[in-house]
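Below is one structure; the comments refer to it alone.
Values in this text are rule-based calculations from the coordinates and carry no lab data. Bear in mind the structure is a predicted one, so any value in this text is a computation, not a measurement. So basically every Cβ, Gly included, is an ideal-geometry build from the backbone, and we count neighbours across all protein chains shown.
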């Protein structure tokens, strides 16, 4: 089941963002964003490729959109324009956070994500983004990291419980 989302980054000229189709909830896409997507240039390059089916751990190269057996399919981003050849799938621009909150949910997104430079540094002192998110039912940004981690932990606990049930059956 698709949980649609939009991923964006705040730039000097406003905000650019692109649609993302699968696993857009905080414990899925949100956890992936905080775990793998913390450099502004990498995020910007990924968004500039436009709307995607899914985001993985890296941008990747052009692949067969429908070949889920591809060696890198599970790990890389999969785009509608680059990988499936669709037209008009480029990123959208927003003038500011209020505009993004207002228009970011316009194509059925349940969650929208925003990377911002808040001055945060990694353990080496390199600048990294801080992720924020919003749900369509209460459109306001809040920090992503703790909610994404807790949601991801809950998902893992459910998997463990299902595994125990299968073994007991």
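Fully extended, how many nm does the chain gain between residue 95 and residue 58 (0.36 nm per residue separation, minus their Cα-Cα distance)? Kindly include the intermediate steps, with their values, before the conclusion.
On the way: separation 37, 0.36 × 37 = 13.32 nm, distance 2.71 nm.
Working it through step by step, the gained length comes to 10.6 nm.
Tell me, what is the FRET efficiency for residue 81 and residue 110 to the nearest 0.05, using R0 = 35 angstrom and their Cβ-Cβ distance as r?
0.95
Can you classify segment 74-169 as rounded, prolate or oblate using the Cα gyration tensor, where a ≥ b ≥ c are the square roots of its eigenvalues, rounded means a/c under 1.5, and otherwise it's prolate if a/b beats b/c and oblate if not?
Note, shape of segment 74-169 comes out prolate.
Running a GNM on the chain with Cα contacts under 10 Å, which residue among 40, 115, 98 ends up with the highest mean-square fluctuation?
Highest fluctuation of the listed residues: 98.
Using a 10 angstrom cutoff on alpha carbons, build the Gaussian network for the chain and name the most mobile of 12, 71, 137.
12
Given only helices, namely DSSP H runs of n ≥ 4 each adding -39500 (n - 2.57), what is the per-residue ellipticity at 222 nm of the chain, to the nearest 500 deg cm²/dmol? Numbers along the way, then the final one.
Working: 5 runs with 51 residues, N = 169.
Result for the chain: -9000 deg cm²/dmol, rounded to the nearest 500.
Taking a ≥ b ≥ c as the square roots of the Cα gyration tensor eigenvalues, with a/c under 1.5 meaning rounded and otherwise prolate when a/b beats b/c, else oblate, which class fits segment 18-65?
oblate
On full extension of the chain, what length is gained from residue 67 through residue 166, given 0.36 nm per residue of separation minus the C-alpha to C-alpha distance? Could the numbers behind the result be given before it?
Working: separation 99, 0.36 × 99 = 35.64 nm, distance 2.96 nm.
Separation in residues times 0.36 nm, less the Cα-Cα distance, equals 32.7 nm.
Quick check: residue separation of residue 103 and residue 22 times 0.36 nm, minus the Cα distance between them. What number comes out in nm?
On the way: separation 81, 0.36 × 81 = 29.16 nm, distance 1.97 nm.
That pair, residue 103 and residue 22, stretches by 27.2 nm at full extension.
Using Cα pairs under 8 angstrom and six or more residues apart, how large is the relative contact order of the chain, in percent?
Relative contact order of the chain: 26 percent.
Could you give the nm distance between label points at residue 158 and residue 41, where each point is 7 Å from its Cα heading toward the beta carbon?
3.8 nm
Here are several values of Kirkwood radius over Cα pairs in Å: (1) 16.6; (2) 17.2; (3) 18.5. Which one was derived from the coordinates shown?
So the structure-derived entry is (1).
Among 158, 84, 103, determine the one that fluctuates most according to a GNM of the chain built with springs between C-alpha atoms less than 10 Å apart.
158
On a C-alpha basis, how far is the centre of segment 1-63 from the centre of segment 83-112 in Å? Whole number, if you could?
Comparing the Cα centres of segment 1-63 and segment 83-112, I get a distance of 11 Å.
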